[in-house]
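The structure appears below as structure tokens.
The values are calculated or read from the model by the stated rules, or taken from the named source; none is laboratory data. Keep in mind it's a predicted model, so treat the numbers as computed, not measured. Glycine also receives a Cβ, built like all others from the backbone with ideal geometry; neighbour counts cover every protein chain displayed.
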Amino acid sequence: MTSRDEREARTDFTRRYSAGRTDVTTEVERRVIGTDYGANGFTTGHEADELGRRLGLRPGLRLLDVGAGRGWPGLYLAATTGCAVVLTDLPAEGLVLARDRARADGFLDRVTACAASASALPFARETFDAVVHSDVLC
Amino acid sequence: MTIHVAPGLTARDRREAVHAGPRAVTSRHGQATLLSRAGFEDVAQVDVSASYTRTLGAWIEATDENFDALAALEPPGDLAQRQTDRRVHLAAAKRGLLRRSLLVGHKPVRAS
């Protein structure tokens, strides 16, 4: 993705994450992909479960979700598998919402949010046991 | 999980796919190759294009049905434009110009 693509995506998603969510947005998301994490892409709940299974996620493992938005699917994977998750993205607005959701669901202790570009992540090598990204490279 | 241009397209269809797809959908190499070059092994690629096409259609339909309520949350014109873009995207996906894949790779375990 070019710098211009990244800037445009950041502007677009910052605006969308700042718009707030309502019963209608939640209901639309549940209907389309079967979740309510504020997702707006194409990874369904079943596909997220498949990701968790293929990656062998479980308590004690640390997952990195690149381009996590409002927390989908990383937050969901942490909730359902018991792993810890670091959520990264550039619009901080989405990450704030993700942390709010983790706090409300009672597992904030396993969630870290970091506003960072995917091309310059601030982590040491071999920090994570698994990495996911959903419709980010495109 | 990544959307990508279908392999083996004519130059014209490739241009249409790039135009219709999400930002930066094109790459010089296939997704599995990119993972391999990044050092991942045993790269498995599963085509999930059917699910992707269904989901994209569902976003369009559900958004149309709740358009006024959803549009009120965004700047004027944003949602209408996104729906227009989605329809172009869906047409390309239905034609097979855009695909979506689940790719999983593993980093080799270093000997201690």
Candidate set from segment A:13-38 (those that are of a type in the set (A, V, I, L, M, F, W, C) and modelled with pLDDT under 90); member that is farthest from B:ARG100 (Cα to Cα)
A:ALA19
Check whether at least one residue in segment B:95-112 is part of a strand (DSSP E or B) and over 28 Å from B:ARG14 (Cα atoms), and report yes or no.
yes
When the residues of segment B:36-80 are narrowed to those that are out of contact with any strand residue (DSSP E or B) (no Cβ under 7 Å at 6 or more places or on another chain) and of a type in the set (Phe, Trp, Tyr), which ends up farthest from A:PHE13 (Cα to Cα)?
B:PHE67
So, in segment B:37-73, of the ones that are modelled with pLDDT under 90 and of a type in the set (Gly, Ala, Ser), which residue ends up nearest to the chain's Cα centre (by Cα)?
B:ALA38
Out of (1) touching a His at 6+ places or on another chain (Cβ under 9 Å); (2) touching a residue at least 60 places away in the same chain (Cβ under 8 Å), what's the single condition that is false for A:THR43?
(1)
Quick check on A:GLY74: is it at pLDDT 95 or above and out of contact with any strand residue (DSSP E or B) (no Cβ under 9 Å at 6 or more places or on another chain)?
no
Contacts under 9 angstrom Cβ, first residue in segment B:20-40 being on the phi > 0 side of the Ramachandran plot, partner modelled with pLDDT of 80 or more, 6 or more apart
B:GLY39/B:GLY105; B:GLY39/B:LYS107; B:GLY39/B:PRO108
When you scan segment B:75-84, how many residues do you find that are exposed (fewer than 13 other Cβ atoms within 10 Å of the Cβ), assigned to a helix (DSSP H, G or I) and within 11 Å of chain A (Cβ to nearest Cβ)?
1
Only one residue in A:ALA79, A:ALA19, A:ALA92 is surrounded by fewer than 19 Cβ atoms within 10 Å (Cβ to Cβ) and either more than 13 Å from chain B (Cβ to nearest Cβ) or of a type in the set (Phe, Trp, Tyr) (or both), so which one is that?
A:ALA92
Within 23 Å of A:GLY38 (Cβ to Cβ) and not aromatic (Phe, Trp, Tyr) - does that describe any residue in segment B:100-110?
yes
Check B:PRO7 against each of (1) over 29 Å from B:HIS106 (Cα atoms); (2) surrounded by fewer than 17 Cβ atoms within 10 Å (Cβ to Cβ) and name the one condition it does not meet.
(1)
Taking the conditions exactly as written (surrounded by fewer than 13 Cβ atoms within 10 Å (Cβ to Cβ), at negative phi, hydrophobic (A, V, I, L, M, F, W, C) and facing chain A (nearest Cβ under 10 Å)), does B:ALA72 satisfy them or not?
yes
Criterion first (within 11 Å of chain B (Cβ to nearest Cβ), closer than 18 Å to A:HIS133 by Cβ and under 18 Å from the mean Cα position of the chain (by Cα)) does A:LEU57 satisfy it?
no
